[in-house]
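The values are calculated or read from the model by the stated rules, or taken from the named source; none is laboratory data. All values derive from a computational prediction rather than experimental measurement. Glycine also receives a Cβ, built like all others from the backbone with ideal geometry; neighbour counts cover every protein chain displayed. These area figures cover heavy atoms from the full protein model, side chains too; ligands, DNA and RNA do not enter into them. Shrake-Rupley method; radii C 1.70, N 1.55, O 1.52, S 1.80 Å.
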Amino acid sequence: MHLGQALDALDAESHGHAAAPSHSIACVRRGPPRTFPRVPRTRSLQHPAPRCQNSASGATGARGSGERMTEAVQPYAASAPARRPVVMWDLVLTIVLLVVMIGAALLASFFAVFLAFAGDSCGASTVCDYDRMGTGMLIALIGPLAVGLLALIAAVIVLVLRRLAFWIPIAGIVLIAAVFFGGAALTISGVEGATF
């Protein structure tokens, strides 16, 4: 009976139920008395589940942290713009038209040299404005090359941006012709009585 009570007291003391009246428990046996040391109170060996600091419970904390990570990643994913696909027919057509445009610019500059013959009739009987004629020849000579170069740069930029660029060399050809005929008209207008 005394041994059973001593074991019950020891068990209660180890689980923290009722405090023992003294620091040791004596067991009565048929012999010299033995003293058992006091067992310190210990907590349960099961560790509590980790809790998320951002929420009230572990489950909702994991879900909340996942949602915050998703929300943090979404702006970066949305900020990356999708690249346009390359339009092959536009690329091929633009290259062909650019070659034609460059050829037209070179041909217009070549024909601008022949505008110098407009001053053959200038003499004692014909009054010519040489300044106007020189300005017109300069426009007809350099203007087509400048327009062709600008149209070429613009077409390359638009192609890099992957947008339709076939219209740029077409507009360049039209402007080259307009600049050439404008310069030629100015040159001929410098000769009195001459018509284009």
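May I ask you to say which residue of Ile157, Ile153, Ile170 is over 22 Å from Leu107 (Cβ atoms), at pLDDT 95 or above and hydrophobic (A, V, I, L, M, F, W, C)?
Ile157
Can you confirm whether Leu93 is closer than 30 Å to Val191 by Cβ, assigned to a helix (DSSP H, G or I) and either out of contact with any helix residue (DSSP H, G or I) (no Cβ under 9 Å at 6 or more places or on another chain) or touching a residue at least 40 places away in the same chain (Cβ under 8 Å) (or both)?
So Leu93 does not fit the description; no.
Residue pairs, Cβ under 7 Å, 6 or more apart or interchain, first in the range 122-137 and outside any helix (DSSP H, G or I), second open to solvent by 30 Å² or more (accessible area, probe 1.4 Å). List them.
Hits for this filter: Thr126/Glu192; Thr126/Gly193; Val127/Glu192; Cys128/Glu192.
Counting only residues that are loosely packed, with under 14 Cβ neighbours inside 10 Å and of a type in the set (Gly, Ala, Ser), how many does the range 101-152 have?
Going through the range 101-152 one residue at a time, the tally reaches 6.
Please go through the range 153-177 and pick out each residue that is free of Cβ contacts under 8 Å to residues at least 60 places away in the same chain and either open to solvent by less than 60 Å² (accessible area, probe 1.4 Å) or among the polar types (S, T, N, Q) (or both).
Ala154, Val158, Ala171
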